[in-house]
Amino acid sequence: MPNFYATTPIYYVNDKPHIGHAYTTVLADVLTRYHKLFGYDAFFMTGVDEHGQKVQKAAAARGISPQEHVDEYSEHFRNLWPKLNIDYGYFIRTTDGYHKKFVRDSLQYLFDKGEIYSKEYEGWYSVGEERFFEEAELVDGKDPISGRPVEWLSEKNYFFKMSSYQQKLIDHINANPNWILPDFRKNEVLGFLKKPLNDLCISRPKSRLSWGIPLPFDEDFVTYVWVDALENYISGVQDKKHKDGTPLWPADFHIIGKDILTTHCIYWPTIIMAMGWELPKHILAHGWWMIDGSKMSKTSGTGVNPMDYVETYGIDVFRYFLIREMVVGLDATFGHDSFVRRINSDLANDLGNGLNRIHKLILTNFGGKIPAPAQSGEQEKELLSYSEKAIQFAKENIGEAKLSLVVEEILNSVKALNRYLEITAPWKLAKSTEQKDKDKLATVLYTGAEVLRIALNLLSPVMPQKAEQGRLMLGGSDEVLKGGEILGEGEALFPRILEEK
């Protein structure tokens with residue numbers, strides 16, 4: 001049995017989850033479920049990032065301790081994931097004792113190895129991003145990521161010799177062209193690496209920031225939050241193994257948003273190289289959800305609360321929209337009208353209509369048992385070829401997370417089914433008394449049920465509950481239909497969304 005381990009970023013606990021958090025975690029869940037569907041021992045980890053200056057400031061503003069603050073906010077994430085039917089293997093918190101020990105042990109190792117040194121440092125610092133920026137990186141005098149103000153700081157700090165691994169990192173990227181997905185993100189990283197790489201400041205003085213993991217070799221400093229956070233991908237699974245006894249690390253996929261590309265494709269791999277660990281197999285950077293051409297932002301009033309859609313339309317249709325609408329790697333627009341159109345077209349019209357037709361016709365004409373087919377002809381072979389193509393396409397493309405295209409291919413088989421039903425007109429065959437028409441009706445309904453069973457099975461990682469309900473309507477079989485399966489109770493799985501203009 002092959003193995004699979006995926007990670008999400010660990011989310012910063014200074015606000016409640018938004019659609020960006022939901023999408024990344026649903027993406028990891030869907031990828032993991034697809035690997036399980038195709039026989040992998042699959043596992044994914046998510047969690048929360050709980051240290052840093054923003055947490056310290058937020059807790060002080062509320063008049064509580066940082067630990068009380070993170071205890072409260074981490075629950076927002078932990079409680080949301082089951083509501084989105086996200087089946088993670090482990091939830092890590094960076095305030096967990098084993099993680100803090102892991103970070104301190106690794107830093108001590110790098111210090112003893114001569115990879116960390118101290119010096120006085122001056123630079124522009126962004127509290128929002130909790131990092132230093134060079135003058136040339138600033139945009140209109142503000143940090144280039146969040147657009148927040150920066151301040152000039154001069155202080156002693158500790159540095160990791162990141163620059164000494166620049167060429168090794170370039171060589172790895174060039175030797176493994178699909179290490180960073182999609183490939184245009186790889187080109188962004190290589191473009192960044194054309195400039196000399198600076199060493200990485202890995203500490204903050206306790207006089208300015210006390211909420212962090214103390215450096216093991218100098219207790220007057222705490223670990224830079226991005227160094228602390230990145231090590232979660234290994235610390236969280238250090239005592240876990242796959243069923244065959246192999247360790248979970250290295251990860252098959254680090255799933256991240258494109259805004260944290262630098263930290264995961266430069267900071268993290270150079271630290272890994274210095275530690276002598278194996279590199280992750282792939283880093284997958286997805287795009288942003290946009291509204292009116294701009295990234296969704298709670299501060300700008302353009303954020304979307306995932307639970308608003310889940311409570312109104314259901315978990316599975318929300319998950320379906322996220323996976324179908326965004327081509328992994330590119331930005332996508334979240335609009336209510338596009339949500340309604342997508343659900344009505346794909347799920348209500350195509351999948352739901354086809355399922356209801358087949359279920360009703362079998363119930364009416366064969367007493368609720370799927371008929372055994374008579375001899376299949378070219379029409380049936382052609383229709384089933386769409387299903388076979390969808391299976392093969394999914395197997396070949398989950399390795400590069402082309403999930404939108406996988407779902408499109410599955411829906412192509414459903415659309416082919418509906419065209420087949422229009423051509424064969426089983427409702428007309430049902431009125432005939434001739435045996436050849438009865439045999440044809442049995443073949444048509446059996447073939448339609450089998451195509452739908454395959455489609456629902458392939459869609460189960462995206463829509464676990466709805467897919468299972470649909471399969472139960474068709475007898476609940478995991479295997480190729482044989483005929484004689486007893487239908488489950490019929491229901492409108494995907495009611496059309498009707499809204500007043």
| said: Could you give the length gained by full extension between Q167 and A372, i.e. 0.36 nm per residue of separation minus their alpha carbon distance, to one decimal place? | reply: 67.4 nm
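How do C201, C265 rank when sorted from fewest to most other Cβ atoms within 10 Å of their own Cβ?
Details: C201 21, C265 25.
Result, fewest neighbours first: C201, C265.
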| query | Normalized C-alpha radius of gyration of the stretch 336-473, against 2.2 N^0.38 Å? | reply | 1.08
| query | Taking the stretch 400-457, which chymotrypsin sites (Phe, Trp or Tyr not before Pro) meet the DSSP loop condition and have no more than 11 other C-beta atoms within 10 Å? | reply | none
| For the residues D96, D183, what sequence is obtained by ranking on other C-beta atoms within 10 Å, fewest first? | D183, D96
| said: Please state the shape class of the stretch 174-275: rounded when a/c is under 1.5, otherwise prolate if a/b exceeds b/c and oblate if not, all from the C-alpha gyration tensor. | reply: oblate
| Straight-line reach from K113: which lysines have Cα under 29 Å away, leaving out those fewer than 8 places along the same chain? | K100, K101, K156, K161, K168, K194, K195, K206, K240, K241, K281
| task | Enumerate the lysines that K83 could reach by cross-link, defined here as Cα to Cα under 17 Å, with residues fewer than 8 away along the same chain left out. | result | K16, K466
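How much net charge surrounds K156 when only the other residues with a Cβ under 13 Å from the Cβ of K156 are counted, with Lys and Arg +1 and Asp and Glu -1? Don't jump to the answer; show the numbers that get you there.
On the way: positive: K119, R204, K206, R208; negative: E120, E122, E155, D218, D220.
Charge balance near K156 sits at -1.
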| Do the sum for the chain: with -39,500 (n - 2.57) for every DSSP H run of n ≥ 4, divided by all residues, what is the mean residue ellipticity at 222 nm, to the nearest 500 deg cm²/dmol? | -14000 deg cm²/dmol
| said: As an exercise, identify the chymotrypsin sites (Phe, Trp or Tyr not before Pro) in the stretch 178-217 lying in DSSP coil whose Cβ has no more than 16 other Cβ atoms within 10 Å. | reply: F217
| query | Which lysines does K438 reach when only Cα atoms under 28 Å apart count, and residues fewer than 8 places away in its own chain are ignored? | reply | K360, K369, K381, K415, K428, K482
| message | For a quick check of your reading of the filter: which trypsin sites (Lys or Arg not before Pro) in the stretch 117-187 sit in a DSSP loop and have no more than 12 other Cβ atoms within 10 Å? | response | none
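For a quick check: sort T262, T270, T364 by the number of other beta carbons within 10 angstrom, fewest at the front.
Exposure proxy ranking, most exposed first: T364, T262, T270.
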| message | As I understand it, the dipole of the stretch 347-495 uses +1 on the Cβ of Lys and Arg and -1 on the Cβ of Asp and Glu, about the Cα centre. Which of I410, G399, P371 lies farthest toward its positive end? | response | P371
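FYI, it's all coordinate maths here, none of it is from the lab. Here the structure is a predicted model, which is why all the values come from computation and not from measurement. No Cβ is skipped: glycine too gets one built from the backbone with ideal geometry, and neighbour counts run over all protein chains shown.
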